[in-house]
Amino acid sequence: LDERLLLSPSFAIAECRNATTKMANLVRDTILDAIGLLSHFDSATAEKIEKNEETIDQYEDKLGSYLVKISSKNLSAADSNDVSQLLHTIGDFERIGDHAENVLGYALQMKEDKRKFSDKALKNLKELSQAVYKIYDLACEHFSNPSEELYRVIYDLEADIDKMVDKMRASNSKRLSKMKCEAVQGLYFNEILVDLERVADHSLNIAQAAKKYEIYDEDEDL
């Protein structure tokens with residue numbers, strides 16, 4: 001992010017968009033690794049996640065500061081919209097990184113307590129995580145090439161994920177009531193559901209930020 005590019009805001013914004021794409025790829029690796037630790041804990045991967053999270057925070061800090069500098073320039077309406085979109089988007093990517101770190105925390109705690117999820121719980125988490133990976137990848141695709149059709153797919157998928165989470169919470173409560181799993185595992189399971197649901201929420205936010213600054217026909221269904 002060369003300060004000299006601030007003399008040409010459009011070029012500076014393009015560099016910010018490239019950096020945000022790199023940030024998005026790092027966030028994806030981090031959430032994938034974190035979820036993987038729930039079924040197989042690996043200390044090297046845990047350390048990698050922590051380092052990635054630090055780097056993700058640096059991306060948000062440096063990109064955010066640079067974008068604020070760009071915003072102080074005499075910008076066209078299109079450039080101003082791009083800056084606003086990127087500021088929103090880097091915040092959502094950073095929050096997804098935080099949720100990956102939360103998942104790491106639960107995986108680490110379960111390892112230390114020598115606890116494991118039941119096969120049913122792991123199956124649920126795998127099903128949910130696949131949907132979360134999908135919505136995240138679609139949101140990143142929409143960030144690069146926004147379209148109304150893709151936005152609708154993301155919007156519908158986020159609603160489906162909410163329903164999946166509700167169903168899994170109910171299933172978890174049933175397992176607890178029948179004493180098929182311990183209360184601690186049940187608590188961790190619910191907290192991980194929250195984190196994965198929030199990843200989907202932030203993915204939708206990323207798509208909405210791009211949609212907000214594109215010219216679409218508004219649909220009351222949305």
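The values are calculated or read from the model by the stated rules, or taken from the named source; none is laboratory data. Please read these numbers as outputs of a predicted model, since none were measured by experiment. Note that we place each Cβ from the backbone using ideal geometry, even for glycine, and neighbour counts take in every protein chain shown. Accessible surface is based on the protein model in full, side chains and every heavy atom, while ligands, DNA and RNA are left aside. Shrake-Rupley method; radii C 1.70, N 1.55, O 1.52, S 1.80 Å.
Test SER171 against the criterion of being farther than 25 Å from SER43 by Cα, among the polar types (S, T, N, Q) and either in contact (Cβ under 8 Å) with a residue 40 or more places away in the chain or open to solvent by less than 60 Å² (accessible area, probe 1.4 Å) (or both), and give yes or no. Taking the combined requirement at face value, the residue satisfies it.
Within region 1-50, the set of residues being open to solvent by 60 Å² or more (accessible area, probe 1.4 Å), among the polar types (S, T, N, Q) and over 22 Å from the mean Cα position of the chain (by Cα) comprises SER10, SER43. Screening LEU87, LEU75, LEU128, LEU122 for residues that are open to solvent by less than 60 Å² (accessible area, probe 1.4 Å) and within 23 Å of ALA24 (Cα to Cα) leaves exactly one candidate, LEU128. The selection criterion, being β-branched (Val, Ile, Thr), under 18 Å from LEU32 (Cα atoms) and touching a residue at least 12 places away in the same chain (Cβ under 8 Å), does not hold for VAL165.
Answer yes or no: is there a residue in region 36-46 that is assigned to a helix (DSSP H, G or I), closer than 30 Å to VAL184 by Cα and in contact (Cβ under 8 Å) with a residue 12 or more places away in the chain. The answer is yes; a qualifying residue exists. Using the structure shown, decide if LEU67 is open to solvent by less than 60 Å² (accessible area, probe 1.4 Å), in a helix (DSSP H, G or I) and on the phi < 0 side of the Ramachandran plot. Yes: the conditions hold for LEU67.
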